[in-house]
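Only one structure is covered here, and it is reproduced in the block below.
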Amino acid sequence: MNKKTIRNDIILIVSLLLVAAIGLIIVFSTRQKENLVARVSVQNEVVEVIDLNDKTERDYEIEGLHGIVHIHVKDGAIAVIESNCPHQDCVLMGYIKETNRPIICAYNAVYIVIVGNSDIDVEIG
């Protein structure tokens, strides 16, 4: 191959990558954000449904199996900020915003999961 063909191939590949990147930016920037809520369950019973679209900071106290679990909500994220569990894994999780990352306090049987607002009535067994 000569240098001109290689240069043209490189220009074509870079152009295609640029078009694909612009397309992805347009798709993700115009995509409507899903309304997210956090479902807080104690011993598999939903005790609180928290709207994460409301950007105000709020605190919740959830009565767990062995004591109170303190939950904080800010900027569309939720975290366990205090618990009486021995290992504090739930507190160390920090704030979550994603639907695929639950917070679990096994000691207090508290389970926090983020779901889309349209999924509230769906039972996960």
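A few remarks follow.
- Take the Cβ atoms of LYS97 and HIS66, set R0 to 30 Å, and the FRET efficiency comes out at 0.60.
- When you count the other C-beta atoms within 10 angstrom of each residue and take the mean per peptide, 49-60, 76-87 line up highest first as 76-87, 49-60.
- Crossing angle, helix 3-30 versus the chain [Cα axis fit, 0-90 degrees, rounded to tens]: 30
- FRET efficiency estimate (nearest 0.05) - Cβ-Cβ, ALA106 to VAL49, R0 25 angstrom: 0.70
Taken together, the values in this text are just the output of simple stated rules run on the coordinates, not laboratory data. Note that this is a predicted model, so its numbers are computed, not measured. Every residue, glycine among them, receives a Cβ derived from its backbone with ideal geometry; neighbour counts consider all protein chains shown.
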